[in-house]
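Enquirer: What follows is a structure written as structure tokens; I'll ask about it next.
What follows is calculated from the coordinates using simple rules that are stated; it is not laboratory data. Keep in mind the model is a prediction, meaning the values are calculated, not measured. Please note: Cβ atoms are built from the backbone with ideal geometry, for glycine as well, and neighbour counts cover all protein chains shown.
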């Protein structure tokens, strides 16, 4: 019974702290953001070890940093952008099957989007499309059929095309 009362008291304390955090501005003077940052925002000395450990523990327990950062909530901010060098890889991972079909046809909106993400200007995209169709087997079907292997083979194929090799291609 004592454990239950203690758990309820700790839970109520955490809820009151979280409610107060939503009502007050949250200065950036502790570890990151997330539920832990919100729950312990009113602690007077946030740079002390104890509140920083509590913030980190709360965030780790609930996984709120990752969610907060990706969603822009819980005191976290983001600009909604993925780092430029990872955009093509993320796109290829999500759209791998559609990209394979577009490459086989030498056209398509997924292939056009990938070309844009790779930095291929619109006037050179027909050359890019023809190259992907011509080298389809090497790009998709040889060895490991994965987005990583496909992009590596695609960069290699682009380097072998004079017009495409001269472009400042993004990885």
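Enquirer: Give me 48, 42 sorted ascending by neighbouring Cβ count inside 10 Å, so fewest comes first.
Expert: Lowest count first: 48, 42.
Enquirer: If each residue's Cβ is checked for other Cβ atoms within 10 Å, how do 76, 33 rank with the fewest at the top?
Expert: 76, 33
Enquirer: Once you sort the root eigenvalues of the Cα gyration tensor of region 85-125 as a ≥ b ≥ c, which label holds: rounded (a/c under 1.5), prolate (a/b larger than b/c) or oblate (the other case)?
Expert: The shape class here is oblate.
Enquirer: Please find the FRET efficiency linking residue 163 to residue 53, where r is the Cβ-Cβ separation and R0 is fixed at 45 Å, and quote it to the nearest 0.05. Don't skip to the end; give the middle numbers.
Expert: Details: r = 57 Å, r/R0 = 1.27.
The value I calculate is 0.20.
Enquirer: With a ≥ b ≥ c the root eigenvalues of the C-alpha gyration tensor of region 84-165, is it rounded (a/c under 1.5), prolate (a/b larger than b/c) or oblate?
Expert: rounded
Enquirer: Here's another thing I want to ask about it. Residue 134 to residue 156: extension gain in nm, 0.36 nm per residue of separation minus the Cα-Cα distance?
Expert: Result for the pair: 6.5 nm of gain on full extension.
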